[in-house]
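Just below is one structure, and these are the notes that go with it.
Just so it is clear, none of the values below were taken in a lab; they were calculated from the coordinates. Just so it is clear, the structure is predicted and the values come from calculations on it, not from any experiment. Methodologically, a virtual Cβ is constructed for each residue, glycine included, from the backbone with ideal geometry; neighbour enumeration extends over all protein chains shown.
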Amino acid sequence: MTYRDDFKQVEREVAWTAPRLILASVLVMAALYGFGFLATGGNLAIYRFWAPKQAAAERQVFLNTPSYIEGKNEYLSRLRMEYQAADEGHKTALREMILSEASSVDNTKLQPDLAAFIQSLKEN
């Protein structure tokens, strides 16, 4: 054999080895990913831990948005007007409704007269 024949033989072996090494690397990475996926329960354990915390944080952000607080102020003001115009039979139902709605918003963020009205309803 000559030097050129040896070189061609090595070149053919490397040509077959490089794709096999790449394929083996890809298969090992896929197997490790699959094992990790199965070990975490398909990320279900992580989701069950973080999802409630994320939902609670999103709710806190939502409850403190200016549009939500403004909407609650307007709605509670409308209910107060209805309460003041209602007869005694309807006032009890409206009182419960107003207190229920007011419990979902921080009273310090309500208009001062509205907060005082809700406080008077709580005391009665």
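Here the sum of -39500 (n - 2.57) over DSSP H runs of 4 or more residues, divided by the residues of the chain, equals -29000 deg cm²/dmol at 222 nm, to the nearest 500.
How many angstrom separate the Cα center of region 44-65 from the Cα center of region 91-115? Measuring centre to centre over Cα atoms gives 26 Å. A straight Cα-to-Cα reach below 30 Å connects Lys122 with the lysines Lys72, Lys91, Lys109, residues fewer than 8 places away in its own chain not being considered. Among Arg59, Arg78, Arg12, whose mean-square fluctuation peaks in a Gaussian network model of the chain (Cα, cutoff 10 Å)? Maximum fluctuation in the GNM of the chain, among the listed residues, is at Arg12.
Pair-distance distribution of region 42-124: all C-alpha pairs, bin width 5 Å, starting at 0; shares per bin in whole percent are 3, 13, 21, 18, 12, 9, 8, 6, 5, 3, 1, 0. If a spin label sat at a point 7 angstrom from the Cα of Ala39 along the line to its beta carbon, the backbone N atoms of region 19-33 nearer than 11 Å would be those of 32-33.
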